[in-house]
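Data first, discussion second: the structure below is written as structure tokens.
All of the numbers you see were taken from the coordinates with simple rules; none came from a lab. Please read all numbers here as calculations on a predicted model, not as lab measurements. As a convention, Cβ positions derive from the backbone with ideal geometry for all residues, glycine included, and neighbour counts pool all protein chains shown.
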Amino acid sequence: QVQLVESGGGLVQAGGSLRLSCAASRGTFSFNAMGWYRQAPGKQRDLVARISIDGSTNYADFVKGRFTISRDNAKKTVYLQMNSLKPEDTAVYYCNKISNMWAWGQGTQVTVSS
């Protein structure tokens, strides 16, 4: 069973930055497209950014130009650099595969104050 451990969240003022990390305990990490998702209270979990096996990336419109996803296959880790944060970015952030997902981790809380 693969375990996903997200970290790097915290409280930041609007306009600030955070860098999230997500490490997979095992598994064929390098052979999977990975994504960062977020879920705000009372809302569904949304895909924020994805990175393919070849390193190509895609972003949701609401983070395009502000967030950058990257991966280090040797470390089985995917990152999310978040800049120009807004209060509406407040959510619990998770990582997972894009399809045939592993069990969800606990996520990391990001809170952006105005």
Inset, instruction - Quote the convex hull volume per residue of region 56-114, based on C-alpha atoms, as a whole number of Å³. - result: 108 Å³
Legend entry - Rough spin-label spacing in nm, given labels placed 7 Å along Cα→Cβ, for Ser113 and Ser7: 2.5 nm
Inset, instruction - Consider a paramagnetic label point 7 Å from the Cα of Lys86 along Cα→Cβ; state which residues of region 40-79 have an amide N under 12 Å from it. - result: 61-67
Legend entry - FRET efficiency, 1/(1 + (r/R0)^6) with R0 30 Å, evaluated for Arg66 and Ser99 via beta carbons: 0.75
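Give, rounded to the nearest 20 debye, the magnitude of the charge dipole that the chain has about its Cα centre when Lys and Arg contribute +1 at Cβ and Asp and Glu contribute -1 at Cβ.
Taking the Cα centre of the chain as origin, the dipole is about 140 debye.
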Inset, instruction - Would you be so kind as to identify which of Thr77, Phe31, Gly16 lies farthest towards the positive end of the dipole of the chain, taking Lys and Arg as +1 and Asp and Glu as -1 on Cβ and the Cα centre as origin? - result: Phe31
